[in-house]
Amino acid sequence: MTVGAGSRQTARLAWRFLRCDIAAGRLGTLAAALAVAVAAVTAVDWLAERAGAAATQRAAELIAADRVVRTDEPIPEAWLAQARERGLAAARTAVFPTVAVAGERSQLVSLKAVEPGYPLRGELRVAAAPGVADQPAAGGPPPGRVWVAPRLLALLEAELGERLRLGERALPMARLVTAEPDRAGPFDALAPRALVAWETVEETGLLGRGSRVRYSLLLAGEPEALAAYTAWLREAAGPEREVVRGEEAQPGIRRAVERAERFLGLAALLTVVVAAAAVLLTARHYAAAQLDRIAVLRVLGAGQRRIVAIQVLILAAVALGAGALGTGAGFLLHHAMLALLGDLLPPQLPGAGPGPALYGVGFALVAAGGFALPTVLRLRRVPPMRVLRRSAGAGTLASALPYLVAAAVIAALAFVQAGDARLAATLLGAVGAAVAVLAVAAIWAVRGLERLRRRSGAGLLWLTGVSRRPGAAVVQVVAVGVGLTALLLLSVVREDLLAAWQAGIPEDAPDTFLLDIAPGEVEPLRALLAAELGAEPPFYPVVQGRLAAINGREVAPEDYASPRARRTATRELNLTWRGRLPPDNRVTAGRWWGDDPGAEWSVAREYAEQAGLAVGDTLTLRVDGEPVSGTVTSLREVDWTTFNANFFVIAAPGMLGAAQPDYLTAVRLGDAADRLLPRLSERFPAVTPLDVSAALATARRIVRQGARVVALMAGLALAAGAVVLLAALRTAAAERRFEASLMRALGASRRRLAAAAVAELAGTGALAGLLAGAAAATGGYLAGRYLFDLAYPFPWGVIGLGGGLGAVMVAVVGWLGARRDWRASPMALLRRGEG
């Protein structure tokens with residue numbers, strides 16, 4: 001009987017072989033590895049799709065819009081008209097400092113003019129009188145009225161209804177502004193707020209030539225319309241501009257979100273890479289089991305094209321089934337993640353779209369094609385002679401090409417899945433280095449054991465298996481090492497990393513900034529805080545400065561290519577001086593000054609990148625109208641998530657002594673806020689308390705709930721590690737079974753065979769575990785330090801734990817898989833071993 005060439009018969013053969021392989025358990029591990037990887041990527045994609053829209057909505061509230069266009073010149077009417085033509089909601093704002101007068105008292109205020117419709121996102125909240133509960137405002141202030149911050153009333157010793165002179169107009173103070181969605185950070189606007197209508201500010205005559213005004217165009221609408229308008233704006237005529245998104249508004253919250261995304265992305269990537277290792281091992285094992293079947297098909301007349309078609313259909317069916325199963329698991333998993341995120345998300349989320357499901361099935365097909373197909377395709381070269389001579393075709397599967405193809409596919413999938421070239425490259429580099437070290441160490445160990453066996457003669461029976469199968473032993477050590485590395489990295493090391501991440505926002509982090517502290521009020525305020533809170537927070541002198549020159553060359557806005565760099569490099573800076581490095585700052589270049597510093601600056605890395613500064617440059621800032629020059633001697637990495645007082649530029653002590661500073665401090669009031677803030681306002685009316693407890697609570701929730709999501713995601717990677725561990729132990733199972741049958745036929749007892757096998761497995765596991773522990777400890781240390789910017793010490797204990805865990809796990813799993821063989825008759829084992 002010959003095998004025909006019809007496509008229908010090919011499909012029937014593929015289906016029959018698939019059922020047989022599933023019944024025999026040859027494809028279970030491969031399907032499990034694919035399903036785990038698909039579950040990981042689809043869960044992350046659905047979470048990103050649904051929670052990402054909610055996060056964007058929350059972030060938009062920080063800037064009162066979906067996008068904000070900022071300039072230092074008036075917004076052209078053409079920009080406003082074009083936005084409205086594209087269906088976008090638009091409103092202009094202008095913010096600038098000016099002097100306000102009420103009666104005989106005057107005060108510097110931050111005057112803000114808004115158009116109707118403000119705010120486009122979030123809530124503007126006002127109160128009708130001091131002590132009255134606030135409520136959302138229907139819009140901005142009406143023309144001819146001014147709304148003021150409660151602190152401004154205290155500073156002016158005025159009451160609502162009195163008139164506030166702003167330029168050429170005297171306006172009645174009608175409401176108290178208690179909350180603005182786009183209120184600047186604690187160091188961007190130290191003066192109290194006064195809010196007026198857009199038409200009113202033009203009547204004051206304050207928008208004259210030379211005014212330091214920050215103009216903004218607020219935009220809200222559909223993402224496609226916003227993207228199209230942003231593209232149009234790049235080419236539009238008009239002043240220099242900067243387009244800002246909501247997630248750029250709060251550096252502390254942004255850093256917490258970025259770390260959460262990196263943890264989640266790292267767990268998903270590890271799952272993909274480890275699952276790929278399991279698929280590779282299983283595909284090699286599966287292909288080896290097909291040699292005799294393919295030889296029979298060749299004898300019956302099947303050509304190479306028919307054999308390839310059968311194997312492709314089998315793999316495609318497995319990939320589709322595993323993809324569907326993994327997609328279903330990913331859908332359920334993303335719902336669990338959303339539940340863990342809790343109140344970080346709004347109650348109404350967009351529905352789950354079909355994109356991640358299609359991506360998951362496609363991912364399974366690509367993974368099966370890249371990891372398994374190159375190995376399986378080599379079956380077409382099996383010679384028909386193998387039916388008569390078992391040695392024929394023994395080297396059919398010996399090729400490095402499948403591994404090279406798999407490496408390329410893994411790299412491509414990692415970069416697509418990560419969306420972060422640095423994260424993907426770091427992970428791939430770490431995995432590649434770990435595999436190389438595991439392989440080299442395994443080769444040395446196998447050679448050493450072979451020399452030991454020769455010297456000991458027949459005394460070390462458990463070493464004979466390793467010496468007869470050196471190649472299989474090396475592959476087994478590498479594969480078990482990869483699986484154990486994932487298990488250790490995502491169990492022990494992950495817990496340490498998450499603990500370090502959560503410790504980044506300490507329980508005693510400040511929740512209130514006290515600003516505008518006069519020099520004579522520092523000691524009385526310090527004494528009050530010590531008496532009431534038992535704490536002595538540091539007080540920082542603060543003066544205003546503006547970048548004037550770098551290396552003697554005056555700085556102009558046109559020196560910078562991007563609008564953001566122009567704004568960052570030329571805006572007003574809050575400067576301080578101190579002798580010691582702040583606790584949540586780390587010097588990344590240069591050195592911190594010593595006990596007797598000269599004219600030296602320390603600059604935050606973000607500001608240095610925008611302004612074009614480097615260590616050794618001469619930086620000149622204009623402070624109180626006078627130039628102050630010094631050398632940049634250090635660049636700092638600032639951890640904004642601590643919510644402590646931090647500065648872009650710090651001066652060495654003595655540099656800014658001629659300036660007249662105000663002071664600020666950051667304290668934790670906690671439950672004492674309601675009791676202490678009225679006393680502070682009464683005794684120090686000019687001091688500005690700024691509550692950041694809401695932002696601090698948001699950051700803590702992101703860390704706490706993000707850690708739960710990462711732990712859930714890590715469970716998938718742990719499952720992938722377990723799958724690759726089982727796949728590695730199966731690679732030499734058939735050979736070990738055949739050897740056991742021969743030993744039984746020659747009279748060896750079951751107990752001796754079991755002891756030898758367990759000793760061999762335990763030795764292999766211990767070696768792989770020690771190497772995996774070293775790889776996991778190193779990977780966790782590097783990830784903590786350089787990917788997540790965490791103070792994470794090297795976890796030496798993980799190395800020993802890996803050795804012990806590897807020995808026990810591999811020995812137990814191997815013994816459970818082989819114990820039936822030791823109890824069977826030698827003839828049955830020989831017959832099974834031949835297969």
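The values are calculated or read from the model by the stated rules, or taken from the named source; none is laboratory data. In this text, all values refer to a predicted model and were calculated from it rather than measured experimentally. Cβ placement follows ideal geometry from the backbone for every residue including glycine, while neighbour counts extend to all protein chains displayed. To get the accessible areas, we keep the full protein, side chains included, count just its heavy atoms, and leave off ligands, DNA and RNA. Shrake-Rupley method; radii C 1.70, N 1.55, O 1.52, S 1.80 Å.
Val99 meets the conditions (1) open to solvent by 60 Å² or more (accessible area, probe 1.4 Å); (2) farther than 24 Å from Tyr215 by Cβ; (3) in a strand (DSSP E or B) in every case but one. The failed one is (2). If you go through the range 269-299 and pick out every residue that is among the small types (Gly, Ala, Ser), out of contact with any Phe, Trp or Tyr (no Cβ under 6 Å at 6 or more places or on another chain) and open to solvent by less than 10 Å² (accessible area, probe 1.4 Å), you end up with 5. Restricting attention to the range 291-331, the residues that are more than 22 Å from Val409 (Cβ to Cβ) and more than 37 Å from the chain's Cα centre (by Cα) total 18.
With respect to Arg262, is the statement that it is at negative phi, modelled with pLDDT under 75 and basic (Lys, Arg) true? So Arg262 fits the description; yes.
When the residues of the range 110-132 are filtered to those that are assigned to a loop (DSSP other than H, G, I, E, B), among the hydrophobic types (A, V, I, L, M, F, W, C) and within 19 Å of Glu159 (Cα to Cα), the one that is most open to solvent (accessible area, probe 1.4 Å) is Val132.
Yes or no: Ala32 open to solvent by 50 Å² or more (accessible area, probe 1.4 Å) and either modelled with pLDDT of 85 or more or out of contact with any Gly (no Cβ under 7 Å at 6 or more places or on another chain) (or both)? Full working, then the answer.
Working: open to solvent by 50 Å² or more (accessible area, probe 1.4 Å): no; either modelled with pLDDT of 85 or more or out of contact with any Gly (no Cβ under 7 Å at 6 or more places or on another chain) (or both): yes.
Answer is no for this residue.
Within the set Leu124, Leu62, Leu166, the sole residue that is touching a residue at least 12 places away in the same chain (Cβ under 8 Å) and out of contact with any helix residue (DSSP H, G or I) (no Cβ under 6 Å at 6 or more places or on another chain) turns out to be Leu124.
Each row is one residue, and each column tells you yes or no for (1) at pLDDT 70 or above; (2) under 21 Å from Val437 (Cα atoms); (3) within 29 Å of the chain's Cα centre (by Cα); (4) surrounded by fewer than 16 Cβ atoms within 10 Å (Cβ to Cβ).
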{"position": "Ala745", "(1), (2), (3), (4)": "no, no, no, yes"}
{"position": "Ala757", "(1), (2), (3), (4)": "yes, no, no, no"}
{"position": "Leu767", "(1), (2), (3), (4)": "yes, yes, no, no"}
{"position": "Ala775", "(1), (2), (3), (4)": "yes, yes, yes, no"}
{"position": "Gly780", "(1), (2), (3), (4)": "yes, yes, yes, no"}
{"position": "Arg785", "(1), (2), (3), (4)": "yes, no, yes, yes"}
{"position": "Ala791", "(1), (2), (3), (4)": "no, no, yes, yes"}
{"position": "Phe794", "(1), (2), (3), (4)": "yes, yes, yes, yes"}
{"position": "Ile799", "(1), (2), (3), (4)": "yes, yes, yes, no"}
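So, Glu168, is that one open to solvent by 30 Å² or more (accessible area, probe 1.4 Å) and within 23 Å of Leu515 (Cα to Cα) or not? No, not satisfied. Within the set Ala89, Ala78, Ala64, the sole residue that is in contact with a Gly (Cβ under 7 Å, 6 or more places away or on another chain) and open to solvent by 10 Å² or more (accessible area, probe 1.4 Å) turns out to be Ala89.
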